[in-house]
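Trainee: One structure coming up, written as structure tokens, with questions to follow.
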Amino acid sequence: MKFFEGRKLIIATKHQKEKVISPLIEEHLGLEVFVPNDYDTDKFGTFTGEISRLDNALEAVRNKCLEAMDYYGYDLGIASEGSFGPHPSMFFAHADDELIVLIDKKNNLEVVARELSIETNFNAEKVTTFSELLEFAKQANFPSHGLILKDSENDFSKIIKDILDWEQLKLSYESLSAQSDEVWVETDMRAHRNPTRMKIIEKATQKLVAKLATLCPSCQTPGFDINKVIKGLPCKWCKYPTESTFAFQYSCQKCKHTILEKYPKGKHYESPEFCYHCNP
């Protein structure tokens, strides 16, 4: 992409996310990528609970990116941030919610992409025997995916990370269970210890690249994207506005050019079963 071609970009990561981000960025944007080996992203929060994330995911990923850019002297940067928990609509399924942001200070541009997926091994539980731990490990795709052991779920004083094989898992469990009344096991959600999560980060990066390839029809700035969803698709029976999407508004961050796309899903009317007027 000529807009970024020849510039240098920093990826703010500690856990090898550049393995899936760099190839896509270099191929599609024509950028020279730098990954610092001494940047501690854990200060913005850890999945294991030693450091709580103080901001929401978007603020955290933005702050992570900006701090790395400022510290290493870059005006173009990328960072990602993951969140794990119940899926927002599939309540009985765990979800991996990945955000990735590109910030361009030179052009006052910020583009964010998101990938929400139920493809995750995210899980945790208390185990009282090594047999229970083995069963958990098998379900969590260990040893290709890492595990973490702690002496309690929240108020823990001992934590063992980077458990990479069955013998190490056994020794870690024996060491911890000899000192504690309980052992808490959880999946290691750090990107370099979780190939499934790394694939979701790659998908988020693909979405980011696709967004950047969408140029403003007025000034040709990348990231011409939806900034507003307008509800009010009329009911097929009564023509009363419903909560369904009527239009998308696209906007350019640079020149503020906007386009309204009506009926983006190809539907001109909503089914009466979704109309509050027809079904009070």
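Trainee: Which one of these does ILE226 not meet: (1) within 28 Å of SER80 (Cβ to Cβ); (2) aliphatic (A, V, I, L, M); (3) crowded, with 18+ Cβ neighbours inside 10 Å?
Mentor: Failing condition for ILE226: (3).
Trainee: State all residues of the range 149-178 that are closer than 20 Å to PRO195 by Cα and open to solvent by less than 40 Å² (accessible area, probe 1.4 Å); if no residue qualifies, say none. Step through it out loud before you land on a result.
Mentor: First, pick out the residues of the range 149-178 that are closer than 20 Å to PRO195 by Cα: 149, 160-166, 168-169.
Matches in the range 149-178: LEU149, ILE163, LEU169.
Trainee: Sticking with this structure for a sec: Taking GLU125 and the conditions (1) open to solvent by 10 Å² or more (accessible area, probe 1.4 Å); (2) under 22 Å from the mean Cα position of the chain (by Cα); (3) acidic (Asp, Glu), which numbered condition does it fall short on, given that it satisfies the others?
Mentor: Just one mismatch for GLU125, condition (2).
Trainee: Is there any pair linking a residue in the range 234-245 that is in a loop (DSSP other than H, G, I, E, B) to one that is of a type in the set (D, E, K, R) and surrounded by 16 or more Cβ atoms within 10 Å (Cβ to Cβ), with Cβ under 9 Å and at least six apart or on different chains, and which?
Mentor: LYS236/GLU270; THR242/GLU270; GLU243/GLU270; SER244/GLU270
Trainee: Can you pull out every residue in the range 138-148 that is open to solvent by less than 20 Å² (accessible area, probe 1.4 Å) and over 24 Å from the mean Cα position of the chain (by Cα)?
Mentor: The initial filter retains those residues of the range 138-148 that are open to solvent by less than 20 Å² (accessible area, probe 1.4 Å), namely 140, 142, 145-148.
Result: no residue meets the conditions.
Trainee: A further question on this structure: Would you confirm whether any residue within the range 69-86 is β-branched (Val, Ile, Thr) and under 30 Å from ASN154 (Cα atoms)?
Mentor: Narrowing the range 69-86 to residues β-branched (Val, Ile, Thr): 78.
When the remaining residues are screened for being under 30 Å from ASN154 (Cα atoms), the result is none.
No: the range 69-86 contains no residue that is β-branched (Val, Ile, Thr) and under 30 Å from ASN154 (Cα atoms).
Trainee: Being in contact (Cβ under 8 Å) with a residue 12 or more places away in the chain and part of a helix (DSSP H, G or I) is the filter here; which residues of the range 21-36 pass it? Full working, then the answer.
Mentor: Taking the range 21-36 first, the residues in contact (Cβ under 8 Å) with a residue 12 or more places away in the chain are 21-22, 24-25, 28-36.
Once the filter is applied, which keeps residues that are in contact (Cβ under 8 Å) with a residue 12 or more places away in the chain and part of a helix (DSSP H, G or I), the range 21-36 yields ILE21, SER22, LEU24, ILE25, HIS28, LEU29.
Trainee: Sticking with this one: Hey, GLU18 hits all of (1) of a type outside the set (A, V, I, L, M); (2) open to solvent by 10 Å² or more (accessible area, probe 1.4 Å); (3) touching a residue at least 24 places away in the same chain (Cβ under 8 Å); (4) under 28 Å from THR187 (Cβ atoms) but one; which does it fall short on?
Mentor: Of (1) of a type outside the set (A, V, I, L, M); (2) open to solvent by 10 Å² or more (accessible area, probe 1.4 Å); (3) touching a residue at least 24 places away in the same chain (Cβ under 8 Å); (4) under 28 Å from THR187 (Cβ atoms), only one is false for GLU18: (3).
Trainee: Mind listing whichever residues of the range 107-121 are part of a loop (DSSP other than H, G, I, E, B), open to solvent by 60 Å² or more (accessible area, probe 1.4 Å) and at negative phi?
Mentor: Within the range 107-121, the subset part of a loop (DSSP other than H, G, I, E, B) is 107-108, 118-121.
Within this subset, residues satisfying the condition of being open to solvent by 60 Å² or more (accessible area, probe 1.4 Å) are 108, 118-119.
Within the range 107-121, ILE118, GLU119 qualify.
Residues checked against (1) out of contact with any helix residue (DSSP H, G or I) (no Cβ under 7 Å at 6 or more places or on another chain); (2) more than 20 Å from ASP97 (Cα to Cα):
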| site | (1), (2) |
| --- | --- |
| LYS138 | yes, yes |
| ASP151 | no, yes |
| LEU164 | yes, yes |
| SER180 | yes, yes |
| THR196 | yes, no |
| PHE224 | yes, yes |
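The values are calculated or read from the model by the stated rules, or taken from the named source; none is laboratory data. These figures come from a predicted structure and were not determined experimentally. A quick note on method: Cβ atoms are made from the backbone with ideal geometry, for glycine too, and the neighbour counts reach across all protein chains shown. We work out accessible area using only protein heavy atoms, side chains counted, and drop any ligands, DNA or RNA first. Shrake-Rupley method; radii C 1.70, N 1.55, O 1.52, S 1.80 Å.
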